[in-house]
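Working notes for the structure below.
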Amino acid sequence: MRVVVTGMQAITPLGLNLTESWHNLKSSVSGISTITLFDPSLIKCSIAGEVKGFDPGDFIDKRMAKRLDRMQQFFQVASIMAVKDADLENFSVNDPYRFSVIGASALGTPSTFEHNFKLYNEGNIKRISPFFIVNQSVNTSAGFVAAMYNAKGPQRFLQEACSSGTNAIGLAYKMIKYEEIDLAVVTASEAGITPAIMAGLERLGATVGDKWNLEPERASRPFDAQRCGFIPSEGAGSLILESRKHALKRGAKIYAEICGFGSTCDAYHPTAQNQDAESVAKCMESALSDARISYENIGFINAHGTSTPSNDFVETKGIKKVFKDRAYKIPITANKSALGHMWAAAGIVETIFTIKSLTENTIPPIMNLENYDKDCDLDYVRDACRQINADYAMKNSFGFGGTNGSLIIKRWTD
């Protein structure tokens, strides 16, 4: 069964919807700035990709919105916007048990936990929210959306670090491909710009400190020789996946086709990637095999590109293993240079941008790629958008714990 994309939306540091975000990405606008969600004076990495001007009350009941964690607010609103984009708001699904909601979040609801834990330590037990446990059970985010649209099919919620969103797409794709369901809302959301999360990342050595003394908008620099850590960010992305048969029957517009998915585990280290790049290469090869195409068919790659020394080196090495001599000829972009790292949401948002590149024949550039690294020597798109004419693209995501995911996305032509 062929699987197509019929709806997509995004809430990012570049904009409150896909149109704004895509325009700013192509224009090399940075979404990175000084943190305003809390006082960052105690940490060295005081910058992040915040979603500015977001009001969930524009889409959901204000009383309900107050009960939800910021991550859940993003999740619901992105899903609502994607359902609307797919023209499913008033569509009556023939069999609700073949309609699923698949969700993902790497960090869950940290602001809810930190707030209520603070209340406990202060002795304010009665002020702890009765919705605390509901919000901590992050699959309820998918449950809220399922209830809105009567989606009674299997509900899944992945927490697989930075590859969660990509793997959620892959899971929904497989469920539709093998005819378990006909339709899925696939949403990943993240809101981890909190004191404890940011301090923990700093202690881990994962984020940009004061090594290069860079302005916020220049700090995320995938594949650059001066890259020194990733910039955490927040937001959500949502896709509507359907079987081609289901989409055509209801007269849906189709953006693209998901035609391949690969997933592997490094089985190596809780945070570090294996420098031999064998696992990430196998992940990409598995996606190509699933799509039944050669690496020669791939028109460009939207890389994971975190701006960390290890990830960018390992991803580059893995691409060389898979694409051989053609590795030097295939255009590569990395959206985190403008967005920062949206954790689980990155996989879905960047897949959406990959689809936009295929439909508009335009690859946005990598920002801040100024000094080439001798080990990162491929055809990275920089300075300005590049015009292309590609039928297939690859999207990579790699996460803590060695979780890897790769998708093959096909231009819609049929």
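Just so it is clear, none of the values below were taken in a lab; they were calculated from the coordinates. Because the structure is predicted, anything quoted here is derived from the model rather than measured. Every residue, glycine as well, gets a Cβ built from its backbone with ideal geometry; the counts of neighbours run over all protein chains shown.
For region 241-311, compute the orientation-averaged projected area of the C-alpha convex hull (one quarter of its surface), in nm².
Working: hull surface 27.2 nm².
The orientation-averaged projected area of the Cα hull of region 241-311 comes to 6.8 nm².
Given an 8 Å cut-off on Cα distances and at least 6 residues of separation, report the relative contact order of region 262-411 as a percent. Write down the numbers at each step before the final one.
Details: 290 pairs, mean separation 53.9, N = 150.
Over region 262-411, the number comes to 36 percent.
Exposure proxy check: 174, 52, 336 ranked by fewest other beta carbons within 10 Å?
Values: 174 15, 52 12, 336 27.
Fewest to most other Cβ atoms nearby, the residues stand as 52, 174, 336.
Long-range amide H contacts for residue 50: which residues qualify at under 5 Å (H placed 1.01 Å from N, peptide plane, sequence gap of 5 or more or a different chain)?
Amide H neighbours of residue 50, under 5 Å, 5+ apart: 33.
Which of 166, 140, 359, 413 comes first, and how do the rest follow, when ranked by fewest Cβ neighbours within 10 Å? Please list the in-between numbers first.
Values: 166 32, 140 22, 359 12, 413 8.
With the fewest neighbours first, 166, 140, 359, 413 line up as 413, 359, 140, 166.
At 222 nm, what helix-only mean residue ellipticity would the chain give, in deg cm²/dmol to the nearest 500, using -39500 (n - 2.57) for each DSSP H run of four or more?
Values: 13 runs with 138 residues, N = 414.
Result for the chain, helices only: -10000 deg cm²/dmol.
Using θ = phi - 60° and the Karplus relation 6.51 cos²θ - 1.76 cosθ + 1.60, list the HN-Hα couplings for region 72-82 in order, rounded to whole Hz, with x at every Gly or Pro.
Once θ is set to phi - 60°, the couplings for region 72-82 become 5, 4, 4, 4, 5, 5, 4, 5, 4, 5, 5 Hz.
Semi-axes, largest first, in whole Å: what does sqrt of 5 times each Cα gyration tensor eigenvalue give for region 262-411? Kindly include the intermediate steps, with their values, before the conclusion.
Working: eigenvalues 86, 62, 45 Å².
One finds semi-axes of 21, 18, 15 Å for region 262-411.
Where the centroid of each part is defined by its Cα atoms, how far is region 7-39 from region 298-323 in Å?
23
Count the net charge of all other residues whose Cβ sits under 9 Å from the Cβ of residue 244, scoring Lys and Arg as +1 and Asp and Glu as -1.
Details: positive: 2, 245; negative: 242, 257, 414.
Net charge around residue 244: -1.
Under a 5 Å amide H to amide H cut-off, with H placed in plane at 1.01 Å, what residues pair with residue 106 once short-range neighbours are removed?
344, 345
Could you derive backbone 3J(HN,Hα) for region 169-176 from the dihedral phi with the Karplus parameters 6.51, -1.76 and 1.60 (θ = phi - 60°), listing whole Hz in sequence and x where the residue is Gly or Pro?
4, x, 5, 4, 4, 5, 5, 6
Let me make sure I get this right: for region 1-67, a, b and c are the square roots of the gyration tensor eigenvalues over alpha carbons, sorted descending. Under 1.5 in a/c it's rounded, otherwise prolate if a/b > b/c, else oblate. Which is it? Let's see the in-between values first.
Numbers: a/c = 2.29, a/b = 1.32, b/c = 1.74.
In terms of gyration-tensor shape, oblate.
Apply the Debye scattering formula to region 353-414, with a single equal point scatterer on each alpha-carbon and no solvent, then give log10 I(q)/I(0) at q = 0.13 Å⁻¹.
-0.47
So what is the relative contact order for region 338-414, in percent, with contacts set as C-alpha pairs under 8 Å and at least six apart? Numbers along the way, then the final one.
Working: 79 pairs, mean separation 22.8, N = 77.
That works out to 30 percent.
At each listed q (0.08, 0.16, 0.18, 0.20 Å⁻¹), what is the log10 of I(q)/I(0) that the Debye formula gives for region 51-209 modelled as equal alpha-carbon point scatterers?
Ignoring solvent entirely, the Cα scatterers give -0.27, -0.95, -1.14, -1.31.
Take the Cα pairs of the chain, get the Kirkwood Rh, then feed it into Stokes-Einstein at 37 °C and 0.692 mPa s and tell me D in µm²/s. Walk me through the intermediate numbers first.
Working: Rh = 21.0 Å.
D, rounded to a whole number, is 156 µm²/s.
Say each of residue 245 and residue 328 gets a label point 7 Å from the Cα, pointing the same way as Cα to Cβ; how far apart are those two points in nm?
The answer from the label model is 4.8 nm.
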